[in-house]
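Bear in mind that the values in this text are calculations on the coordinates, not laboratory data. A quick note: this is a predicted structure, and the numbers were derived from the prediction, not measured. Cβ sites come from the backbone with ideal geometry, for glycine too, and all protein chains shown count toward neighbours.
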Amino acid sequence: MRISRTPTTSTVVAALLLGLLATLTVAVGAATGAGRTSAVKACASKSDGSLRLVGTKKSCRRGEQAVTWNKRGVPGSDGVDGTNGAAGAAGAAGERGPAGAPGVSGYQIVERSTPVDGFFLGSAEVACPAGKRVVGGGVSALNAAGRDVGTSTFLVRAEYPSADGSKWGAIVENGSGTVVSRFVIRAICVTALD
């Protein structure tokens, strides 16, 4: 024969009170927020379900069940990184910059020819037109046919701008007795910038 046992009234009341306590625990946790860390402990009577608040380090009496809430649990693991957001809109155009300095103008090459005899050593200068300054130059030696004789015997000892920047000069030497028709000195000139 099977015998079923009906719960007593006190057992039902205790169960209801424990359920209510669990509900209050959730509500208190939501109201106080995650910042509160102090736990609350009570002892529930197993016979009638009454609650008695005690310190967290106190033990419940015989016939009571310890109940604790507002206790911080173990931190959960980090969540998965979210996806990248959409690209932002292009920014507005920046302000216009200041005007730049004037560029070089009035480019011009000026040259001068000087006769060269055998064993010649001398110098010459060529001047830029008025209002222009020299920015470079060069020298070459030409025979009677107007062809460059190279540097086998014709040597350029020095090239230089004048102190005021208006001329290009050179010192040249013909190391052989062969007559070289002339050497040409050239100045690269541009309009002076004040």
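Data table
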quantity: ³J(HN,Hα) computed for each position of region 51-57 - Karplus, 6.51 cos²θ - 1.76 cosθ + 1.60, integer Hz, glycine/proline x; calculated: 10, 9, 5, 9, x, 5, 9
quantity: Nonlocal amide H pairs with residue 166, under 5 Å, H built at 1.01 Å; calculated: 134
quantity: Å³ per residue enclosed by the Cα convex hull of region 108-191; calculated: 77 Å³
quantity: Phi-based couplings in Hz for region 62-77 (Karplus 6.51, -1.76, 1.60; Gly and Pro marked x); calculated: 5, x, 10, 10, 6, 10, 10, 9, 6, 9, 6, x, 6, x, x, 6
quantity: Under Karplus coefficients 6.51, -1.76 and 1.60, residue-wise ³J(HN,Hα) of region 173-189 in Hz, glycine/proline x; calculated: 9, 9, x, 10, x, 5, 7, 9, 4, 6, 10, 10, 10, 10, 10, 9, 10
quantity: Estimated inter-spin distance, residue 68 and residue 92, nm [label 7 Å along Cα→Cβ]; calculated: 6.0 nm
quantity: Per-peptide average of other Cβ atoms within 10 Å, ordering 155-164, 114-123 highest first; calculated: 114-123, 155-164
quantity: Ranked by how many other beta carbons lie within 10 Å on average, peptides 98-105, 181-188 from highest; calculated: 181-188, 98-105
quantity: Region 64-120: C-alpha gyration tensor shape, a/c 1.5 cut-off, then a/b vs b/c; calculated: prolate
quantity: Label-to-label distance, nm, for residues given as residue 144 and residue 77 (7 Å Cα→Cβ offset); calculated: 10.0 nm
